[in-house]
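Where a number appears in this text, it was derived from the coordinates with a stated rule and is not lab data. Here the structure is a predicted model, which means the values were calculated and not measured. Glycine gets a Cβ as well: all are built from the backbone with ideal geometry, and neighbour counts include every protein chain shown.
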Amino acid sequence: MGRDGPTSGDPVGGGRPRKAGAMTIDRSVGTSAALRPDLTYAAFCETHEPAWHALALTRTGNRADAALVVGAVKGDLSRCWPQVLRFEEPAAYAWRLANRHIADWVSGEEPVAVEAVTFAAVIGAFKQVANGLLHSEADEVRLYAAILELPDRQRDVVVLRYLLGLHVKVIGAYLGRPVATVHSNLRHARERLARRLGVRELPDRAGDL
């Protein structure tokens, strides 16, 4: 990363450099709509698109590519919507679909170029729950890189928990996992991130959401 902080050309992980943009996160995302048998495609996307966008933005590093990923997810969903409704948890299916599209995006060998506003939004979310543990820009850079390096299952819960502030029951519905598994994923993710920062633990100051 650049000496003055992240820019649209700062490499962090695997992927390709892209254009800069802005980050918008909707903390009102839920799964109740995903459980309605009469759910429409438009209503489903309106409810869950912020979560896909947050995941894509964290992984790709900028708004332009996140929008491309989300657009691809919505396109796939629209083409097989009747089949999607047959799943017990359409939200979990859509989340897996988003991850597949993101995996395709990051399969390139060039590093992700994280724009400054995206970096600030991600780190800002963590500062709310890990107040006092990020002492410098170097700590922030290490944390962002560590988030990208988390195993998929742990990174998913980190994004949904910290960037969107979702309840663990809602996260479980998104990922198709029991609440106990979500708690376990969160605990292991915090342990990994804490080791990367060189601290004893990264507490979940959000409590039992």
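Projecting label points 7 angstrom from Cα along Cα→Cβ for A180 and F87 puts them 2.5 nm apart.
The calculated pair-distance distribution of the range 30-197 uses every alpha carbon pair, bins of 10 angstrom beginning at 0, and gives 10, 39, 36, 14, 2 percent. Under a model in which nothing but the beta-carbon of Lys, Arg (+1) and Asp, Glu (-1) is charged, the range 30-197 shows a dipole of about 560 debye around its Cα centre.
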